Amino acid sequence: MRERMLFLSAQNQSAEDLEGEMRTGSILEILLGKFDIDLLTYASTHKDMSTNDGTALTVHYINGCITSWRSMLRPLHILRNFTNRSHAEKDMKSTIMELCRSNNYRHVFISHSLLGNCIDMVRNLLPEASVITDTYRFESGLAVGKEIGKPSSSNPYYKLNEALVRRNKRRLMNKTGVLLATSEWDALSFKSLSFADARKVHVVPHFIKMNEYDAFTEPVAKENSMVLHWNMNTRQGIKAAQNFFKKSYPLIKEQVPDIKCYITGHEVHTDVLTLVKDDVSVIITGPLKPSADYIRRAKAVLVPILEGCEVSRNILESWALKTPVVTSSIVCERLNCEHNRNILLANTSVDVVASVITLLKNPEMATIIADRAHRTLLKDYEVNYVKNKILSLV
């Protein structure tokens with residue numbers, strides 16, 4: 001008989017957290033290979049999940065008022081952390097207590113969207129259980145700058161925020177049994193705060209399933225096109241798109257007049273649509289067209305690394321489809337990549353123009369970069385690699 005696990009999630013299908021929700025759903029599917037799972041989530045988040053034969057997923061839907069005025073009363077350091085739900089503990093309390101009384105769970109998984117809300121309750125109800133937490137996007141937007149090497153602000157509120165984030169990290173490490181970080185960089189930021197709890201921290205990177213791209217793996221003739229592949233409904237995503245079309249794209253068209261630029265994604269913000277509506281070379285693929293086909297045929301994919309753009313998975317998708325990626329250098333801290341080897345790094349508008357034109361005009365170099373990126377993906381970011389690691393930890 002398989003063991004039961006309690007899986008706590010608060011997926012909200014928001015434009016800002018699509019990548020995080022996909023990660024949570026993928027981890028859930030992996031754990032279903034070993035456990036029967038009681039999934040606790042909000043009623044508005046239902047979506048079909050494919051499971052293997054012999055697995056059991058029981059979904060317990062919670063009705064919560066996510067627009068409650070209480071959600072506005074958050075501490076300073078989590079004001080910009082959209083994944084935090086300050087009311088979730090109250091919404092889920094009765095169901096969690098009922099499930100814990102009925103099942104003596106030995107393992108409990110808490111997704112990134114509920115960190116700080118439910119772990120105390122679970123610890124009190126199940127003191128012997130092993131708690132697994134996923135720290136995807138743990139830090140608030142105010143704290144990210146310092147940790148990725150940007151100059152720290154002298155603003156006292158910024159410094160207070162940093163101190164609160166460090167305190168919450170230490171508390172989380174002390175309460176959890178296994179803490180999942182998305183990169184070595186993130187793992188070190190936790191380990192450096194507590195030597196005693198450092199052994200709990202393990203890297204589970206973003207990952208994808210290669211079988212989802214089997215239909216797009218046939219060789220195809222590349223066309224003079226590029227793809228913009230990121231979330232354009234966040235403030236940062238909109239800004240990145242506006243900067244590209246104002247500063248970089250006109251210069252690229254001067255060098256490659258017949259270029260096509262595809263904007264993929266489920267939705268494109270109206271500010272971006274207004275900016276490109278008169279340019280026939282810019283094509284909006286729409287939500288019903290699979291972005292994979294456009295990426296496969298393109299010679300370059302642009303994915304800016306900015307907080308809120310949700311791009312880590314998009315880079316992996318491009319690698320899976322053997323199309324080279326242009327992005328900013330901050331990605332080196334989160335993915336196993338190297339400039340001019342399996343990716344092209346561009347930190348300014350001028351660099352973006354030069355990198356894209358290089359890929360458009362030098363197909364031999366583009367093929368080499370794409371092949372190396374594909375091998376990196378299979379080695380470090382494919383689901384089977386991550387699956388084995390996750391199951392070895394629980």
*Quote the relative contact order of region 198-303 in percent (integer), defining contacts as alpha-carbon pairs under 8 Å separated by 6+ residues.*
40 percent
*Using Cα-only point scatterers and the Debye equation, what is log10 of I(q)/I(0) for region 342-394 at each q in 0.24 Å⁻¹, rounded to two decimals?*
-0.88
_Set LYS247/LYS277; LYS209/LYS239; LYS299/LYS379 screened for pairs whose C-alpha atoms are more than 26 Å apart_ = LYS209/LYS239
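Past 29 Å, Cα to Cα, is the threshold; run LYS93/LYS191; LYS322/LYS389; LYS200/LYS322 against it and keep the listed order.
LYS93/LYS191; LYS200/LYS322
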*Please give the contour-minus-distance gain from LYS277 to ASP351: 0.36 nm per residue of separation, less the Cα-Cα distance, rounded to one decimal in nm.*
24.1 nm
*Please report, in whole Å, how far the alpha carbons of region 184-232 spread along each principal axis, starting with the longest.*
54, 26, 17
_Extension gain (nm, one decimal) between ARG171 and ASP120, 0.36 nm per residue minus Cα-Cα_ = 17.3 nm
*asked:* Kirkwood Rh and Cα-based Rg: tell me the resulting Rg over Rh for region 157-213, rounded to two decimals.
replied: 1.12
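Please find the FRET efficiency linking LYS379 to GLU267, where r is the Cβ-Cβ separation and R0 is fixed at 45 Å, and quote it to the nearest 0.05. Provide the component values of the computation, followed by the final result.
Values: r = 33 Å, r/R0 = 0.74.
Here the calculated transfer efficiency is 0.85.
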*Rg [Å, one decimal], Dmax [Å, integer] - region 265-394, C-alpha atoms*: 15.8, 54
*Provide the solvent-accessible area of PHE216, counting protein heavy atoms only and rolling a 1.4 Å probe, rounded to the nearest 10 Å².*
50 Å²
*Working with all protein chains in place, sort HIS202, HIS107 by solvent-accessible area computed with a 1.4 Å probe, largest first.*
HIS202, HIS107
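With N denoting the number of residues in region 185-285, provide Rg(C-alpha) divided by 2.2 N^0.38 Å, to two decimal places. Can you show the working numbers first?
Working: Rg = 19.8 Å, N = 101, 2.2 N^0.38 = 12.7 Å.
This ratio for region 185-285 stands at 1.55.
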*Grab the other residues whose beta carbon is less than 14 angstrom from that of VAL227, score K and R as +1, D and E as -1, and report the net.*
+4
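The values are calculated or read from the model by the stated rules, or taken from the named source; none is laboratory data. Quick caveat, the model's predicted, so the values are computed rather than measured. Positions of Cβ are backbone-derived with ideal geometry, glycine not excepted, and every protein chain shown enters the neighbour counts. Heavy atoms of the whole protein, side chains included, go into the accessibility calculation; ligands, DNA and RNA do not. Shrake-Rupley method; radii C 1.70, N 1.55, O 1.52, S 1.80 Å.
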